[in-house]
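The structure that follows is given in the form of structure tokens.
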Amino acid sequence: MIKTLSLAVALSAVAFAAPPALAAEYPPPANPGKVPAASKKGRKLVVCKRGCRYKTIRAAIKRATGRDLIVVRPGTYREGVQILGRRYDGLRIVGDPKNPRRVRLDGKGVRGAGGQNAFFVNAADGVTIRGFYARNYKANCFFVVNADGYTLDRLVAERCGVYGIYAFNSKGGTMSNSEAYYNNDSGFYIGQTPPQKGRKKRSFVTNVKSYLNVLGFSGTNMRYVTIRRSQFFNNGVGIVPNALRTEKYPPRKRTSSPTTTSSGTTSTTTAERPSRSRRADRQGCRPTRSVSASCSSEARARSSRTTASSGTGWSASAWSSSSS
């Protein structure tokens, strides 16, 4: 199905149901620890290099619940932050929204899972991450998966191994007032949005800049997403909405969706219903505690049936994908 392209473009792509949430870690029975009960109003946990109770963001995360606010003071933090499970539903983590570069997460020299993602959110709904600068992580700078609602605001993502700011198998999120550059795949990526019935929870990408990446924006098997007031320029390719069989539930019927570059040239994304044997073999991506580039690789772009015209830039005043 093709819809008219003017200021808005409609695109259909589907996704798979969320995999089971990871269980939270608990102390052994002989040593339950002293984790305090969360108050109804929540607490403010402050992280800083000197003079604070918490010297690392990870230390504050271990003590926090979803009702809490974690405030991170300026400095360079060489760590990877993992927010795993329903315990953290609604958690807010705030650096410096006015100048995100003052609160820096640097993955250079960080070993193990901590060096994969600056922030990794899995199966925690409504988490807010605001006012941070991340760079030099092996996988992604900011990564949210299996979430119902998320806010990624006033972030800078530089030189990460795969994606800059990335949401997978999630819905109802916001990426806003952020920039991404020098990432090995796309600067921004919303992929494999779970299908919804009734009133849809849309995701919004607003006032972002993406440049000097392989792709400006990637949208494999994406639904219910609106891009507005954003700029994608000086990337290998600007905006790439596509469908792949390597992820769950691509479009079942053969479709064509046109996109237009700033120069006026048009590219077309086509997808066809996979064979019965291929549908049975398809496994999709199931992120785990130590998520790396396995959930996202440049091989997807190479295997895609998408043809795209390169250009110097693409500016989206309003671009929307919806179900068909």
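Quick note: the coordinates plus some simple rules give every number you see, no bench work behind them. Small disclaimer: the values here were computed from a predicted structure and weren't measured. In this analysis, Cβ positions are derived from the backbone assuming ideal geometry, glycine residues included, and neighbour counts consider all displayed protein chains.
Which of the listed residues, 207, 157, 133, is farthest toward the dipole's positive end in region 83-224, when Lys, Arg count +1 and Asp, Glu count -1 at the beta-carbon?
207
If R0 is 30 Å, what FRET efficiency do you get for residue 233 and residue 44 from their C-beta distance, rounded to 0.05? Intermediate results must be reported in sequence, preceding the final value.
Details: r = 39 Å, r/R0 = 1.30.
Working from the Cβ atoms, E equals 0.15.
If you take the beta carbon distance between residue 62 and residue 182 as r and set R0 to 35 Å, what does 1/(1 + (r/R0)^6) give as a FRET efficiency, to the nearest 0.05?
Computed FRET efficiency for residue 62 and residue 182 comes out at 0.65.
If you take the beta carbon distance between residue 69 and residue 201 as r and set R0 to 35 Å, what does 1/(1 + (r/R0)^6) give as a FRET efficiency, to the nearest 0.05? Show your work: numbers first, answer last.
Details: r = 24 Å, r/R0 = 0.69.
The value I calculate is 0.90.
With Cβ to Cβ distances under 9 Å as the rule, what net charge do the other residues near residue 208 carry (K, R +1; D, E -1)?
Working: positive: 209, 229; negative: 179.
Here the count lands on +1.
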